[in-house]
Amino acid sequence: MPETSPVNVEEAEWTIPVEDGRLFAKTWTPQAPGAERAAPVLLFHDSLGCVALWRGFPARLASATGRRVIAYDRLGFGRSDPHPGRVGSGFVAREAGHAVPALCERLRISDFVACGHSVGGGMAIETAARFPARCRALVTIAAQTFAEDRTLAGIRAARGEFQDPANLARLAKYHGDKARWVVDAWTETWLSPDFAQWTLEPALAAIRCPVLAIHGDRDEYGSEIHPRRIAAGRGTAHILPDTGHVPHREREDAVVGMIGRFLAEA
């Protein structure tokens, strides 16, 4: 349910060893009865994102849901170690098989809620499909399920914008000297011919938990076909009016409230 009064949230930072380096993670634990027993929310960031770019959302979500919230920087992003090379066309599914088990082991997570923004939503879907007995619920925010023309057009436009050193410098505030790699990992992977046939349909067919798919009606990186595909026969698609690609920032109160109500009933 939506939060009715502020709940103190305790923050902690973690280092997670994985095959190719170390991941940076952060947790927000509400100081409320039952918080340690409830399945925590595992956040997957978008193509240019990191823990810091979730801003105040994780703390708000922890307070509203009474659950621990966990966010981490993928390898090559934010405060995690540099990625050793190219991410490859299978990077969305690979995250579920490589990073998630390491996070669960280090943070002693059994069951969890998978929640992701944009391509992170795809990673949340792959995680829910890979761990059907452990994933208690799935939330996607502005996720894509295939390489739609609208998505690719938005990425081409962004690739041109990042030729401006000022735009790259703004991204470097969060990713340091990994910023150029971060941009290329997004644009060159999605625009590669190898990625053209990518789809989440097999993963969606394997999901067994309740689903909430949140999307903005003005999302420049994906039409409403995506949340409707994600939710079809599995849950609810909620389309936010006058909202673009970052609903949890543009309409934070609404998104926190929706997720809180969904998890209270899941």
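Brief remarks on what is shown
- Ordering 114-124, 201-211 by mean Cβ neighbour count within 10 Å, with the highest value first, yields 114-124, 201-211.
- Percent of C-alpha pairs per 5 Å bin in the stretch 153-266, short distances first: 2, 10, 14, 16, 18, 17, 13, 7, 2, 0.
- Cut-off 14 Å, label 7 Å out along Cα→Cβ of Val7, residues of the stretch 49-71 by amide N: 58-70
- Seen from Arg150, the other residues with C-beta closer than 9 Å to its C-beta sum to a net charge of -4, counting Lys and Arg as +1 and Asp and Glu as -1.
- Between Val9 and Gln31, the built amide H atoms are under 5 Å apart, and every one of these is 5 or more places off in sequence or on another chain.
- Cα gyration tensor shape of the chain, rounded if a/c is under 1.5, else prolate or oblate by comparing a/b with b/c: rounded
- Computed over the stretch 91-222, the P(r) curve from all C-alpha pair distances, binned at 10 Å from the origin, holds 12, 37, 34, 16, 1 percent per bin.
- Electrostatic tally near Arg228: other residues with Cβ closer than 14 Å to its Cβ, Lys and Arg +1, Asp and Glu -1, net -3.
- Charge context of Ala96, other residues only, Cβ under 9 angstrom, K/R +1, D/E -1: 0
- Taking only the alpha carbons of the stretch 10-76, we obtain Rg and Dmax values of 12.2, 38 Å in that order.
Where a number appears in this text, it was derived from the coordinates with a stated rule and is not lab data. Small disclaimer: the values here were computed from a predicted structure and weren't measured. Positions of Cβ are backbone-derived with ideal geometry, glycine not excepted, and every protein chain shown enters the neighbour counts.
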